[in-house]
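The values are calculated or read from the model by the stated rules, or taken from the named source; none is laboratory data. Quick caveat: nothing in here was measured; it's all calculated off a predicted structure. Cβ sites come from the backbone with ideal geometry, for glycine too, and all protein chains shown count toward neighbours. All accessible areas refer to the heavy atoms of the entire protein, side chains included, with ligands and DNA or RNA removed. Shrake-Rupley method; radii C 1.70, N 1.55, O 1.52, S 1.80 Å.
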Amino acid sequence: MQFGSFDLSIIRECVFKLDGGAMFGVVPKTLWSKQSPSDDQNRVVLACNLLLIDTGSKKILVETGMGDRWSEKEKERFGLKSLVTPGTMLDQVGLKPADIDFVIISHLHFDHAGGATIMRDGKIVPSFPNAKYVVQKGEWDFAFVANARARASYRPDDFVPLQEAGQLILVEGDYEVVPGVWVKVTGGHTSHHQVVYFESNGEKGVYFADIIPTKTHLPPPWVMGYDHHPLISCDIKSEWLARASAEKWLVVFDHEAGIPWGKVLVEGNKYDFAPLPESSLDFTLSQAKGQGKALSSVG
Ligand SMILES: [Zn+2]
């Protein structure tokens, strides 16, 4: 999709399921289940939506999804249906892993960093051989010292090989990755969680990552139970959504299983989302349910 002088694409890497209670924190099920119905194990359907930003001179991939290093048992637990592998995820946009210049990872949880690395000839190596991976230094440091509650979300094999290969850029705070594309630290979900803000020819957009994972999470108090600092998430959402609404930004939701991008409208305590048409996507939602043929063989 054209966005100023940039070309944007959503890559749906997988669909998966997580406990609805954990996804909506203190919000009662009677409220969230109307918008996000749960299965017989109380799980809600999510997706990993990666954003590809092609500025004309650089190609930036935002997030890497779950990747393909999962056992059958784990796949079952997460209801995980991979739609592509790290090696094939760019097929639908006519690119190869070697074409990517930068990979931005919002935080190092496995559903964001899992596809950053791939098993090749018995060794785990970066999935994108020519890319620099942009990670917050605070998030990196925390991943190695996380306590018992936080630790389960970090798998060192997702990110340690990036450093070993010399492909890691550790940044501290807000940082302009290429002209018009910034990472901005929000905290909230994790202490050093970052979103991606981008601008081209007067158009503005934001990839909210896990600050607003789905359209159902738009109201600021609807914060995930997973968040390390839920009160910060709530404030950050109010702040960013007010600007996004006033300036008509494109907003992108990382885990929305429906159409994951569009515009938000904030009026008082009311938060509305107007998705872009399905034709703005390089895939159809019926393919993305993971039941049909793999996305990599489409178009
Ligand atoms: Zn996530």
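Numbers at a glance
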| read-out | value |
| --- | --- |
| Single residue of the range 157-208 satisfying the filter (touching a Gly at 6+ places or on another chain (Cβ under 8 Å) and aromatic (Phe, Trp, Tyr)) that is farthest from residue 224 (Cα to Cα) | 198 |
| Flag if residue 29 is modelled with pLDDT of 95 or more, over 20 Å from the mean Cα position of the chain (by Cα) and either basic (Lys, Arg) or within 21 Å of residue 108 (Cβ to Cβ) (or both) | yes |
| Filtered residues of the range 179-229 (kept if part of a strand (DSSP E or B), aliphatic (A, V, I, L, M) and within 15 Å of the ligand (Cβ to nearest atom)) | 195, 196 |
| Residue match in the range 204-216 (condition: closer than 18 Å to residue 259 by Cα and more than 15 Å from the chain's Cα centre (by Cα)) | yes |
| Among the residues listed as 93, 135, the single one being hydrophobic (A, V, I, L, M, F, W, C) and more than 16 Å from the ligand (Cβ to nearest atom) | 93 |
| Every residue from the range 23-44 that is of a type outside the set (Val, Ile, Thr) and either open to solvent by 100 Å² or more (accessible area, probe 1.4 Å) or outside any loop (DSSP other than H, G, I, E, B) (or both) | 23, 24, 29, 31, 32, 33, 34, 35, 40, 41, 43 |
| Given (1) small (Gly, Ala, Ser); (2) farther than 23 Å from residue 149 by Cβ; (3) open to solvent by less than 20 Å² (accessible area, probe 1.4 Å); (4) within 16 Å of the ligand (Cβ to nearest atom), index of the condition residue 82 fails | (3) |
